[in-house]
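Here is the structure we will look at, set down as structure tokens.
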Amino acid sequence: MAAEPPAAVELSGITKRFPGVVANSDIHITVGRGTIHAIVGENGAGKSTLMKILYGMYRPDEGEIRINGSAVRFTSPQQAIGAGIGMVHQHFMLADNLTVQENVVLGAEKLYGIGGKATAKIREISRQYGLEVDPEALVEELGVGDRQRVEIIKVLYRGAKILILDEPTAVLVPQEVDELFGNLRQLTAEGLTIIFISHKLHEVLSVADAITVIRRGTTVASVLPADVTARELATLMVGSELPSPETRESTVTTTPALTVRGLTVLSAAGRTLIDGVDLTIHKGEVLGIAGVEGNGQAELVEAIMGMRPAAGTVELAGDEITAWSTRKRREAGLGYVPEDRHRHGLLLEAPLWENRMLGHQTESPNSGRGLLTTGAARKDTERIVEQYDVRTPGIEVAAHALSGGNQQKLIVGREMSHAPKVLIAAHPTRGVDVGAQAAIWDHIRQARHDGLGVLLISADLDELIGLSDTLRVIYRGKLVADADPATVTPEQLGLAMTGAAEQPSPAVERISAAVEELKKEAPKGEQA
Ligand SMILES: Nc1ncnc2c1ncn2[C@@H]1O[C@H](COP(=O)(O)OP(=O)(O)OP(=O)(O)O)[C@@H](O)[C@H]1O
């Protein structure tokens, strides 16, 4: 009988310490060749650290890595790439103004040059693995799903046989998730191996061949998807039962908290990014905006926050704030959870308590009588850490030392602490585990009960549907449809977002006509 082929990846006894934290402790994982292996765990459990070790970005303090049966010791990602490992990051790292081919070839010109041989190789990869993209297309014209395929092709082009994907579905609509999973299955059918991190337990159960659960830095279970439910997985992750989600209860009033009229935003080149948007959020109302990324959500948020010039008017609780600076808007009660927590939400090198003051330096408890009150800010940071379950060795550590999900919890906690009248929340639970997500939703619901109005932008359709009182669909900078959160399904909403609702459902209104109108307006070659 032939001997069993060695596992594609074998991690044994991996331990990694950071000051004050054991991020990985005696981890054991075996990933079979040609399988999809999911890694799940709470925020801060140690998933990213482990993947960074496998990708050569960190060196383990203890333990052994075997790739296809041979022990390896990587001191850089280049060595990991050389051993056939590729990493697809959550934040795409593509140059928008270059073509697909230029992006794929960039930095790997030595492999197949930059001309016809490179094109042929990209086409071969596309064909072999069913990853459809046009090498000539400009990346800025591509949707999110296509961009992700370019990232995957990029690592395959460099010879990866083992792919690590970090939360690959966080930015995809349901139809794109299905496509991605189809692609992943085809990759494994061709003998490649996939390891992916995800917080979406239903997706993990539908696509993974095997699942490893990490809790507080160590592997606590390796299970087959057929043997567990999402709830049981969550329980394994947390080590105790999750609370049941609370039922929906309407708190919407008739008092406007935020009114936007005729908001229009142009790009530097004069293109219309937001086109005459009107909306009202009432006290006690969560207004969710559904849309495929890049349809104007970011510009809408930035215009409301006063971060980019816009025509039209914005009123906060009856005051016209159109001409106000961002700082003044925040002081007047506009809370802000930004989409990009590294660029707008945090000072990564600064300690947590300084980050607690960020954007709120002029407000209590951070300042009083014109002076910064760092003692009070520190104390309040302790409270946020406690209340929002931010897992950290202390408030003096720098923000970059927190796991992604814990950074997010800190930002949400900070913004909610100033009793905002309106919270502008872009992807408030992105990268946050299921338990922490439920906790953040509870905080938002409680504040909504007390009269908070929320503008919710999210790529997580379950979150949009579950948390919103009112749902609207944004498409090419216009609000084109309304959906009823009580009856709409994620699939219907996903279709409406891509402008593809051919059979309008009662739960999504107006979309088809509006999209047809937009398509007529769009110049040739620019249609969605
Ligand atoms: N560079 C670093 N310096 C110090 N501590 C770190 C560093 N990177 C991670 N940690 C700590 O190691 C632990 C594991 O973090 P890691 O990012 O691996 O978690 P994770 O499971 O990926 O979480 P998330 O789901 O939130 O992304 C956390 O306590 C984190 O604060």
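The values are calculated or read from the model by the stated rules, or taken from the named source; none is laboratory data. Quick caveat, the model's predicted, so the values are computed rather than measured. For neighbour counting, all protein chains shown are included, and Cβ atoms are generated from backbone atoms with ideal geometry for every residue, glycine included.
Of note:
- Check on F196, of a type in the set (F, W, Y) and within 15 Å of the ligand (Cβ to nearest atom): yes
- Flag: P19 matches the condition of being more than 25 Å from H199 (Cβ to Cβ) and either near the ligand (Cβ under 10 Å from one of its atoms) or in contact with a Leu (Cβ under 6 Å, 6 or more places away or on another chain) (or both).
- G294, sole failed condition from (1) without any contact (Cβ under 8 Å) to a residue 60 or more places away in the chain; (2) closer than 29 Å to Q175 by Cβ; (3) in a loop (DSSP other than H, G, I, E, B): (1)
- Only one entry of V412, V390, V385 meets the criterion of being at pLDDT 90 or above, within 11 Å of the ligand (Cβ to nearest atom) and under 30 Å from A23 (Cβ atoms), and that entry is V390.
- Within the range 206-231, the residues that satisfy the criterion of being crowded, with 19+ Cβ neighbours inside 10 Å and either within 16 Å of the ligand (Cβ to nearest atom) or of a type in the set (D, E) (or both) are I211, T212, V213, I214, G217, T219.
- Check on L287, under 27 Å from L172 (Cβ atoms) and in contact with a helix residue (DSSP H, G or I) (Cβ under 7 Å, 6 or more places away or on another chain): no
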